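Let me begin by presenting the structure, written as structure tokens, before commenting on it.
The values are calculated or read from the model by the stated rules, or taken from the named source; none is laboratory data. Please read these numbers as outputs of a predicted model, since none were measured by experiment. A quick note on method: Cβ atoms are made from the backbone with ideal geometry, for glycine too, and the neighbour counts reach across all protein chains shown. Note: areas computed on protein heavy atoms with side chains; ligands, DNA, RNA excluded. Shrake-Rupley method; radii C 1.70, N 1.55, O 1.52, S 1.80 Å.
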Amino acid sequence: MQVRFRQDARIFETLGFGEIKMFEGWSGKLLPAGHVLGSAQLLYEASEGTLLYTGDAAFPLSDHADYIDLLNYVEAVRPHRVLTLHGFAQEFARDLRERGVEAWALTGANQLEFSISMTSVPATNIHSTRDATMEDSGFNRFCHVCESVRSATGKLEKVRRLAEYLCSLDDRELPLAAVWLTGRAFPQRDPLPLNLGGAVIRRALLAASGLTEMELRAISRRHNDAGMTTAEAMQAKPGSRALAITEIGEIIERLRAARGPVLKTELLANALMAIPAAGSGYLIRILTGDLRIGLKEGLLEDAIARAFDQDPASLREAHMLLGDIGRAAQLARDGRLSDAELTLFQPVRCMLASPEPDSGAVWRRLGGNGVVWIEDKLDGIRAQIHCVKARSEIYSRDLRNITDTFPEIALAARRLERSAVFDGEILAWDGGRALPFFELQKRLGRREPDLFLGGQIPVAFVVFDLLLLDDTSLLKTPLAERRRRLDSLTLEEPLLRAVLTRAFNPEEIEAAFLAARERGNEGLMAKDPSSLYTPGRRGLSWIKLKKDFSTLDVAVVAVEYGHGRRNKVLSDYTFAVRDELNDTLLPIGKAYSGLTDREIADLTARFINLAISRRGNRIEVEPAIVIEVTFDSIQPSDRHASGLALRFPRIKRVRWDKTVRDVDTLTTARRLAGIDEGSNTKQQG
């Protein structure tokens, strides 16, 4: 059999084969230098590269490769067809076919009857594609603006280009475009999911483009980006309709309303065939929630404020209260940002607290009026309850709906029979006392409610603030009045009111701190009774005192495999704090103790999916996992980019309730280290 194949030598370099030699006695048989015949052999034809040889076979072999390595080799080379022989040839071919690669074992009666053909797909992507209609009005212009923003090199230039575009949109276009520029298909407050999985998108793209599964897979591997893959795939059959933004909005709504994957696939395929290739790419990016144009939400807020000559802080507050950047943009255009109010069933971000190291520091911060309000600092999860007479919803601090996890709390809130929004802490609770956080974790992250777990692990919601009552927002009402109204309500268990006491000197704060520790709580929260509620902001109105057990909330940015019995799991975590001046994450330490084997195994799978790059044993990961670390002290150090290092860090817990936006700041770490004493930025836990 004469097999014609193409192979770029760079692929061999990528796979670590080193020098390529012609093996004597074979015409065109390539054998990596220094390697011998392994337990599996691959005969393959690559679909890219330069024609180098014509021969009988190409065998990438290794005496060190294991099964997973060989699968990874095929993924890296991206062959058009794979034939295997010896060893686990049939199993290996079957596994490759399950991954979408045409593969056959050379052990059957007809294994040599397959003809090998070559299909060349032009290399292009969404960023290099410019359709003739790209700058027309409607959705094509939206795509052009996205390209323009992506190519801009500075934040101010991105804001300027966006502001010019937003000014030109009409009342129907503005809210849609503003939401899409956040990378979402729908506003954040919209609870209904799109339910459009990768399988539907793949089938729709195959139907619209006319490509084979292998051809599409080759494009996808080249880009690893759904939008760029779509743009290139649709180059062969691009549409030409210049759809309006509102028409694209209607398509997205129909996709969400469609029942079942067959109808969704048909609707999406028709849409992809109607619009230009670059537009198809951006449609898929909107649907998958990843615009990838280097635009952070804060820059979009600045652009809207600039477009309509509004105060950026007011625009951010309106967006936070509404949970809908499109609606906030409409109010900005009309000069009515002050109309934005706290809305039931639209959660807002929690007010944050700053840490102090001792009772004296707390008194110096808040004791100017001769009294400080104090409560126990509870070790649970921060949450909000929104309720009316017939409905109640519970939201985590990252604004997720967690009502189904704690149905007994939701039921108690409905019994209030008044509209209200509570801020508080969910605790595992038994006998009038908080249980360790470990017990509460058993009820977190469950997709289905457990009919019996509530009895085994009872919970309580300890309310310490009231944000809305009888449809009236209390955000701009002093804490003293908010607390008075909270005390006037009749709450049923498991809703409990936080116990509030008053301290009149540092010694009383210290005594309250020790008593809180005796009750098994983390420490104290100290509050200014005149303070307003400022969602998502840090300040000096709320102070937390945890003292001897200092902790930081940090984002994991790199991981490594452990040693000994943990040599096959990612158990060593490098973590970072946030530099608020540059909005970057700076490493501050590394920890490998404190978690259970089950937690480490679960995190290993998550980190593999979050991997960005690998160098030796170190894997850089997307900063999506937040952990709370405890330590003895913080010291100046040149080992880390933060300029600091934690002494004896230990992982206290994974903060599933927090996002990377919630990690502690470099300023907080510096102040806890005794550097830059004037700063107060650490969040409430």
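Quick check: net charge around R150, other residues with Cβ under 12 Å of its Cβ, Lys/Arg +1 and Asp/Glu -1? Kindly include the intermediate steps, with their values, before the conclusion.
Values: positive: K158, R161, R285, R292; negative: E147, E157.
Net local charge, R150 excluded: +2.
In µm²/s, what is D for region 188-250 at 10 °C and 1.306 mPa s, where D = kT/(6 pi eta Rh) by Stokes-Einstein and Rh is the Kirkwood radius from Cα pairs? Provide the component values of the computation, followed by the final result.
Values: Rh = 13.4 Å.
Rounded to a whole number, D works out at 119 µm²/s.
Among residues other than L263 whose Cβ falls under 13 Å from its Cβ, what is the net charge (Lys/Arg +1, Asp/Glu -1)?
Charge balance in the 13 Å sphere: +4.
What shape does region 382-428 have by the C-alpha gyration tensor, where a ≥ b ≥ c are the square roots of the eigenvalues, rounded means a/c under 1.5, and otherwise prolate means a/b greater than b/c and oblate the rest? Walk me through the numbers before you get to the answer.
Working: a/c = 1.73, a/b = 1.50, b/c = 1.15.
Note, shape of region 382-428 comes out prolate.
Give, as a single signed number, the net charge of other residues whose beta carbon lies under 13 Å from the beta carbon of L299, with Lys and Arg counted +1 and Asp and Glu -1. Write out the running numbers ahead of the final one.
On the way: positive: R150, K155, K158, R160, R161, K296, R306, R316; negative: E157, E297, E301, D302, D583.
Computed value for this residue: +3.
Rank-order 485-494, 417-426, 218-227 by packing density, defined as the average count of other C-beta atoms within 10 Å over each peptide's residues, highest first.
Details: 485-494: 14.1, 417-426: 20.8, 218-227: 18.8.
By packing density, highest mean first, the sequence is 417-426, 218-227, 485-494.
Determine how large the accessible area of F648 is when every protein chain is in place; take a 1.4 Å probe and give Å² rounded to the nearest 10.
F648 has an accessible surface of roughly 130 Å² with all protein chains in place.
Rank K296, K590 by accessible area, highest first, at a 1.4 Å probe radius? Could you put the intermediate results ahead of the total?
Numbers: K296 115, K590 80 Å².
Of K296, K590, the descending order of accessible area is K296, K590.
Treating cross-link reach as a plain straight distance, find the lysines whose alpha-carbon is under 21 Å from the alpha-carbon of K546, omitting any fewer than eight places away in the same chain.
K377, K527, K652, K658, K682
How much accessible surface does D339 have with a 1.4 Å probe, in Å² rounded to 10?
80 Å²
Once amide H atoms are built 1.01 Å from N in the peptide plane, which residues 5 or more positions from R653, or in another chain, come under 5 Å H to H?
Distant-sequence amide H within range of R653: E628.
If I model a spin label as a point 7 Å beyond the Cα along the Cα-Cβ vector, how far apart are those points for L581 and R647 in nm?
2.6 nm
Scan around D465 for amide H atoms under 5 Å from its own, H built in the peptide plane at 1.01 Å from N, and keep only partners 5 or more places away or cross-chain.
D423
Assuming a ≥ b ≥ c are the square roots of the Cα gyration tensor eigenvalues, decide whether region 381-507 counts as rounded (a/c under 1.5), prolate (otherwise, with a/b larger than b/c) or oblate. Could you put the intermediate results ahead of the total?
Values: a/c = 1.93, a/b = 1.28, b/c = 1.51.
In terms of gyration-tensor shape, oblate.
For I588, which sequence-distant residues (separation of 5 or more, or a different chain) have an amide H within less than 5 Å of its own amide H, given hydrogens modelled in the peptide plane?
F575, A576, V577
With a 10 Å radius around each residue's Cβ, average the other Cβ atoms per peptide and rank 166-177, 313-324, highest first.
On the way: 166-177: 17.5, 313-324: 20.8.
Ranking, from highest mean packing down: 313-324, 166-177.
For region 215-345, what % of the accessible area comes from carbon and sulfur atoms, probe 1.4 Å? Intermediate values should be presented prior to the final figure.
Working: 2450 of 5140 Å².
About 48 percent, which is the carbon plus sulfur part of the accessible surface.
Need the full-extension length gain, R150 to A498, defined as separation in residues times 0.36 nm minus the C-alpha distance. One decimal, nm.
Working: separation 348, 0.36 × 348 = 125.28 nm, distance 4.85 nm.
Working it through step by step, the gained length comes to 120.4 nm.
Express in whole angstrom the spacing between the alpha-carbon centres of region 405-423 and region 191-269.
Centre-to-centre (Cα) distance: 41 Å.
Please list 3J(HN,Hα) in residue order for region 279-286, calculated via the Karplus relation 6.51 cos²θ - 1.76 cosθ + 1.60 where θ = phi - 60°; whole Hz, with x for glycine and proline.
For region 279-286, the Karplus curve yields x, 4, x, 6, 4, 5, 5, 5 Hz.
Roughly how much of D597 is accessible, in Å² to the nearest 10, using a 1.4 Å probe?
80 Å²
In whole Hz, what ³J(HN,Hα) sequence does region 574-584 give by Karplus (6.51, -1.76, 1.60; θ = phi - 60°), x for Gly and Pro?
So the J values, rounded to whole Hz, are 8, 10, 9, 9, 9, 7, 5, 6, 10, 6, 10.
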